[in-house]
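What follows draws every value from the coordinates through simple rules; no lab data is involved. Given the structure is predicted, the values throughout are model-derived calculations rather than measurements. Note that each Cβ is placed from the backbone with ideal geometry, even for glycine, and that neighbours are counted across all protein chains shown.
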Amino acid sequence: MTEDKKPKKIIIEGVTEEGKTFRPSDWAERVSGQLSTFKNHRIYYSPMLRPSYSKGNRCVVLDPALKDTNPELYKHILDFAIANKLKICGEEDGDEQEDNENNQKT
């Protein structure tokens, strides 16, 4: 039996296991900047690694496909989340709220 479902994206929330907001406040943009491009004075985030909001908190959305295309970066991001005791969870249908900066930032 073949399953056509694509793997759920990984959400790293800017909240520690103790429930404290992770600082600095622009951490998600800094992490996502590792795969971003800059054009016409704008930053464009990769769909494989982008800042967003989830449950009212800043977060990073990580596509599991990054593990195949850039395993070192994938491991680095997960190690960062673990070292800082950030919440890591899977994407929940309809629960993720993408911000307007999803693909670009002025």
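Quick notes on this one:
- Using only Cα coordinates, the Kirkwood hydrodynamic radius of segment 12-86 works out to 12.8 Å.
- Total formal charge among the other residues, if their Cβ is under 13 angstrom from that of Val15, Lys/Arg +1 and Asp/Glu -1: +3
- Each peptide in 59-67, 81-89, 34-42, 14-22 was scored by the mean count of other Cβ atoms within 10 Å over its residues; highest first, the order is 59-67, 81-89, 14-22, 34-42.
- Charged-residue dipole, Cβ positions (Lys, Arg, Asp, Glu), segment 10-93 about Cα centre, Debye nearest 20: 340
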